[in-house]
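J.: Dumping the structure here so I can ask a few things about it.
The values are calculated or read from the model by the stated rules, or taken from the named source; none is laboratory data. Remember, it's a predicted structure, so these values are computed and weren't measured experimentally. Note that we place each Cβ from the backbone using ideal geometry, even for glycine, and neighbour counts take in every protein chain shown.
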Amino acid sequence: MTPAARIAAAIGVLDDILVGAPAEQALLRWSRASRFAGSGDRAALRDLVFGALRQRDSLAALGGGLSGRGLMIGHARAQGLRLSQLFTGEGHAPAPLTAAEDAHVPPQTLPDDLPDWLRPAWHQALGDDAPTVAQAMTARAPVWLRVNLSRTDPRAAAAALQAAGIQTQPWPALPSALCVTANERAVARSAAYRDGLVELQDLSPQLACARLPLSEGDRVLDFCAGGGGKALALASRQPNARVVAHDRSAPRMADLPARAARAGLRIAIDARPAGSFDLVVTDVPCSGSGTWRRTPDAKWRLTPAQLSELLAVQGQILDQVVPLLRPGGHLAYMTCSVLSAENDDQIAAFCQRHPHFTLVERNLWTPLEASDGFYMALLRAEAQSG
């Protein structure tokens with residue numbers, strides 16, 4: 001496909017998304033209807049679509065309208081591309097610019113690419129960093145790998161990846177976290193990945209898991225396990241810990257046994273965990289505001305009503321796991337959100353309901369110091385009097 005044909009395809013996919021289709025679904029529908037497109041075309045289209053969604057409002061302001069066409073005109077202007085060479089109407093290229101499109105003068109100050117209703121909460125949570133973090137969310141997120149320390153060390157893992165043409169850079173404060181700097185699409189095909197030397201995991205949850213207290217023989221429960229990334233990270237840190245994974249949606253854990261086998265780790269899956277655990281990890285359902293670089297359409301689909309529902313679920317999960325902790329055990333509350341309502345406010349309310357819990361530490365990572373936005377609060381369960 002020519003660059004102009006890719007622009008035309010992006011216009012059609014974006015129009016589907018703007019009327020409500022999830023981005024992944026719209027891209028899959030286009031791919032199935034466009035068997036002629038090669039892997040390079042599909043990757044290029046995905047980059048165009050996701051890039052436009054990350055900067056939806058600013059590109060619409062540049063392009064003169066909130067439509068697939070307006071976003072792609074804005075994209076071309078932002079990239080300094082020659083519109084007359086892309087919008088020709090020839091072959092599979094989009095139609096030439098209208099007189100109004102050609103004459104459009106963008107505003108001097110572009111929008112910050114945040115939903116209007118969420119902007120006050122964003123600024124309240126991030127303070128002076130709010131504009132910079134919002135700007136960081138408009139860029140593509142890096143790919144991070146976690147070295148499986150039960151099988152190898154960071155240097156050997158990096159060498160194995162290099163042999164497959166995949167270049168990486170370790171994070172100074174956590175050498176087992178490798179940032180992929182070249183050939184990221186080859187990771188899943190590499191021997192290092194197939195042999196369980198590395199796993200895909202963003203830097204921020206890696207930093208969170210590295211801060212959790214974990215000793216040999218500990219009973220650990222990953223209560224909202226999903227795909228099991230955190231359960232695997234903890235088992236990799238301490239293979240002699242007894243790690244249990246649970247999720248209310250069992251299908252979300254379908255790949256976990258294969259991932260654990262590939263990593264050479266033992267993860268028990270329990271639909272109804274019981275007993276006393278030394279550590280309970282709750283990576284709760286959330287707005288995902290910290291991961292909007294990866295799922296940019298979610299930024300525009302989130303509503304105040306949905307956020308309220310999520311806040312209620314988060315509180316319920318926290319209350320639900322209290323009986324599963326032994327006295328002196330630790331509860332780790334995590335979200336991939338930067339919003340105070342889902343983070344510090346949620347923990348403050350929990351401690352009011354359960355005064356025998358004390359806050360040990362809290363961390364909020366943003367793209368300014370890590371990768372995705374991510375929150376972790378670590379609490380200790382003291383013995384209850386009376």
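J.: Give just the number: which of (1) touching a residue at least 40 places away in the same chain (Cβ under 8 Å); (2) outside the structural domain of Gly373 (by TED's automatic domain parsing); (3) closer than 17 Å to Ala157 by Cβ does Ala233 not satisfy?
T.: Among (1) touching a residue at least 40 places away in the same chain (Cβ under 8 Å); (2) outside the structural domain of Gly373 (by TED's automatic domain parsing); (3) closer than 17 Å to Ala157 by Cβ, the lone unmet condition for Ala233 is (2).
J.: Also, quick follow-up: Going by the structure shown, is Gly51 touching a residue at least 60 places away in the same chain (Cβ under 8 Å), on the phi > 0 side of the Ramachandran plot and not β-branched (Val, Ile, Thr)?
T.: no
J.: Continuing with this model, one more query. Just to be sure, is Asp278 more than 20 Å from the chain's Cα centre (by Cα), assigned by TED's automatic domain parsing to the domain that holds Leu324 and at pLDDT below 95?
T.: It is false that Asp278 is more than 20 Å from the chain's Cα centre (by Cα), assigned by TED's automatic domain parsing to the domain that holds Leu324 and at pLDDT below 95.
J.: Criterion first (within 30 Å of Thr132 (Cβ to Cβ) and in contact with a strand residue (DSSP E or B) (Cβ under 7 Å, 6 or more places away or on another chain)) does Thr303 satisfy it?
T.: When the stated conditions are applied, Thr303 does not pass them.
J.: Test Asp41 against the criterion of being outside the structural domain of Thr295 (by TED's automatic domain parsing) and more than 26 Å from Gln135 (Cα to Cα), and give yes or no. Explain how you work it out, then say what you get.
T.: On the way: outside the structural domain of Thr295 (by TED's automatic domain parsing): yes; more than 26 Å from Gln135 (Cα to Cα): yes.
So Asp41 fits the description; yes.
J.: Failed condition for Arg185, given (1) surrounded by fewer than 20 Cβ atoms within 10 Å (Cβ to Cβ); (2) without any contact (Cβ under 8 Å) to a residue 40 or more places away in the chain, with all others met?
T.: It fails just one condition, (2).
J.: Could you pull out every one of the helices (runs of 4 or more DSSP H) wholly within the stretch 86-162 that has 1 or more residues that are within 27 Å of Ala341 (Cβ to Cβ)?
T.: 119-126, 130-136
J.: Would you check which residues across the stretch 144-159 are among the hydrophobic types (A, V, I, L, M, F, W, C) and surrounded by 20 or more Cβ atoms within 10 Å (Cβ to Cβ) and list them?
T.: Residues satisfying the conditions are Trp144, Leu145, Val147, Ala157, Ala158.
J.: Search the stretch 310-360 for residues being polar (S, T, N, Q) and part of a strand (DSSP E or B), and hand back the single one that is farthest from the chain's Cα centre (by Cα).
T.: Checked the stretch 310-360; the qualifying residue farthest from the chain's Cα centre (by Cα) is Thr358.
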